[in-house]
Amino acid sequence: MQYTGPGGDVVIPDTLNGLKVTSVGSQAFFQANSMTSLTLGTNVTTIQPNAVFQCPALAMVNIPQSVTNIGDGPFVDCKGLTTITLPGSNPFYAVTNGALFNKSQRDLIEYPGGLGGSYTISSLVTNVGEAFIGNSLNSILVDPANVVYAGTNGVLFSKDFTQLIAYPGTAPGSYTVPKTVRTVVSASFEFSTGVTTVTMGTNVTSIGSFALYDCSALTSITVNSNNAYYTTAGGVLYDKAKTVLIQYPSGLPGAFVVPDTVFNIGDGAFGDAFGLTNITLASGVTNIGVEAFYSCINLSSATLGNNLKTIQQAAFFYCPALRSVVLPPTLTSLGFEAFAGCQNLTNACFEGNAPADMGSVFFFDTSLTQILHVNGTTGWGATYDGILTAPCTSCGGIAPVLQIAEAAADSVVIAWPSSLAGYTLQSTANPAAGSWSPVLPSPVVAGGLFVVTNQASAGARFYRLAH
């Protein structure tokens, strides 16, 4: 169950409908933006991993004596959280210098996301788990007597400096991973707001999942050309063969065309890329990973490759600017909540047979009242994922979305998906006058797009596609 209340000071009751409330489930408080404090009931014994996730106004959490089990990262990326309270008599956990520990002080469970400045890990700590995900620190230091961890330049490493474990969330500017590092640990930079560029050295052999996810100021990732495992192009991180797109920098704006070599869009690869407006997948892409385009709030157009087979769980979860999508004939599976929360999605058209529905694919897509599928395809019933279906001649009836970008001081580039043919680009200086003229030169096809470069003129100019 997920909290949907009005926020403010939230109190979990001791009992509900006569039953004791004993556990706070994973993501029970998911992006509860207006919640300012959370007090757990006196019967709660378990706080599951990621129980409270991205609640920016949350300032205080009160944990009762009854709690005996707290999972990893209980309060993830809550950048307003400054206070965690816990009775000193609790036999399992303790709060020391604002941070939540197990009783022995060996497990650092949560460092509140709203506490900035510098923090020093004591000599006792042997496990930090997910404690620093979404931190607001400018420096993470380590007591030299600690036998597991070490710190330098404010960054947390393993004692032998072969693993980069946590990056201070608000440290500004560019960062170069030291030559000693072999592994960049999962989520090590996740939700960092200060870092703008990250450079991986020759010796990095492993980059964990979501390591560079949702770094809002990050515009470029670079890799030493001698690295045998990874490479970059245009600031985007790939495996060495460029078959897997690993991470698109969250702060990199505009449209993006996936290279032809890529067959897999990695988990979280574009997640929370707030500036991403349009995505075009190459024909080689067969899989879109978990949360690959999660919360891309300005993504208005997604052109999916014609060999795509699987779209994984929450791949396009909460993309409110996305209004239409064409699903290719090769698609065999749609993951749980793959397009959930896309409340402005009005058109979804399938070119092939009905893919496996892993549940709640279009959950809370309040504008989607009908799903189209091309005549002659199989497996379709009266509904799909609980939404009425209807046959159509082709998916070409879904209008493409124009992309526009400045090419130089005196020209602009206008583009739209080449999979949607039959449109003519027109322009006018005054749309109210109703006088539209074809734009020259004729479009060329590049990277899955129709592309027109148009000379800029004095005054405003408006463009549209006529069919």
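Descriptive notes on the structure:
- Taken together, C296, C395, C342 contain a single residue that is in contact with a strand residue (DSSP E or B) (Cβ under 8 Å, 6 or more places away or on another chain) and closer than 18 Å to A273 by Cα, which is C296.
- Scanning segment 202-226 for residues that are assigned to a loop (DSSP other than H, G, I, E, B) and under 23 Å from C296 (Cβ atoms) gives G208, S209, F210, A211, L212, Y213, D214, C215, S216, A217, L218, T219.
- Some residue of segment 206-218 being out of contact with any Cys (no Cβ under 8 Å at 6 or more places or on another chain), of a type in the set (D, E) and buried (at least 16 other Cβ atoms within 10 Å of the Cβ): yes
- Residue match in segment 273-283 (condition: without any contact (Cβ under 8 Å) to a residue 40 or more places away in the chain, crowded, with 24+ Cβ neighbours inside 10 Å and farther than 14 Å from V257 by Cα): yes
- Residues (aromatic (F, W, Y) and within 17 Å of T219 (Cα to Cα)) located in segment 261-298: F270, F274, F293
- Being at pLDDT below 70 and either buried (at least 17 other Cβ atoms within 10 Å of the Cβ) or touching an Asp or Glu at 6+ places or on another chain (Cβ under 7 Å) (or both) holds for only one residue in I414, I398, and it is I398.
- T120 closer than 24 Å to F75 by Cα, part of a strand (DSSP E or B), over 19 Å from the mean Cα position of the chain (by Cα) and polar (S, T, N, Q): yes
Listed here are the residues, each with its yes/no results for (1) within 22 Å of C55 (Cβ to Cβ); (2) in a loop (DSSP other than H, G, I, E, B); (3) free of Cβ contacts under 8 Å to residues at least 60 places away in the same chain.
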position	(1), (2), (3)
N90	no, yes, yes
A94	no, no, yes
L100	yes, no, yes
S104	no, yes, yes
G114	yes, yes, yes
L124	no, yes, yes
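- Filtered by the rule that a residue be modelled with pLDDT under 75 and loosely packed, with under 15 Cβ neighbours inside 10 Å, segment 435-454 gives a lone residue, A446.
- Applying the set (1) closer than 20 Å to T68 by Cα; (2) surrounded by fewer than 23 Cβ atoms within 10 Å (Cβ to Cβ) to S122 leaves exactly one unmet item: (1).
- Residue, nearest to L449 (Cα to Cα), within segment 285-318, restricted to residues that are among the polar types (S, T, N, Q) and outside any loop (DSSP other than H, G, I, E, B): T303
- Residue identified as touching a Pro at 6+ places or on another chain (Cβ under 6 Å) and of a type outside the set (K, R) among D72, D77, D9: D72
- Just one of the numbered conditions (1) over 17 Å from S206 (Cα atoms); (2) touching a Phe, Trp or Tyr at 6+ places or on another chain (Cβ under 8 Å); (3) hydrophobic (A, V, I, L, M, F, W, C) is not true of V257: (2).
- Conditions (1) exposed (fewer than 14 other Cβ atoms within 10 Å of the Cβ); (2) free of Cβ contacts under 8 Å to residues at least 24 places away in the same chain; number of the one not met by T152: (2)
- Residues (surrounded by fewer than 23 Cβ atoms within 10 Å (Cβ to Cβ), of a type in the set (G, A, S) and within 17 Å of N138 (Cβ to Cβ)) located in segment 185-203: G194
- Some residue of segment 229-248 being under 22 Å from S192 (Cα atoms), part of a loop (DSSP other than H, G, I, E, B), among the hydrophobic types (A, V, I, L, M, F, W, C) and at pLDDT 95 or above: no
- Counting the residues of segment 362-396 that are in contact with a Phe, Trp or Tyr (Cβ under 6 Å, 6 or more places away or on another chain), assigned to a loop (DSSP other than H, G, I, E, B) and over 14 Å from Q343 (Cβ atoms) gives 1.
- Checked against (1) surrounded by 20 or more Cβ atoms within 10 Å (Cβ to Cβ); (2) of a type outside the set (A, V, I, L, M, F, W, C); (3) at pLDDT 95 or above; (4) touching a Ser or Thr at 6+ places or on another chain (Cβ under 8 Å), T383 passes all but a single condition, namely (1).
- Some residue of segment 360-368 being acidic (D, E), modelled with pLDDT of 95 or more and at positive phi: no
The values are calculated or read from the model by the stated rules, or taken from the named source; none is laboratory data. Predicted model, so just to flag it, every value in this text is computed and none were measured. Ideal geometry is used to build each Cβ from the backbone, glycine not excepted, and the neighbour counts take in all protein chains shown.
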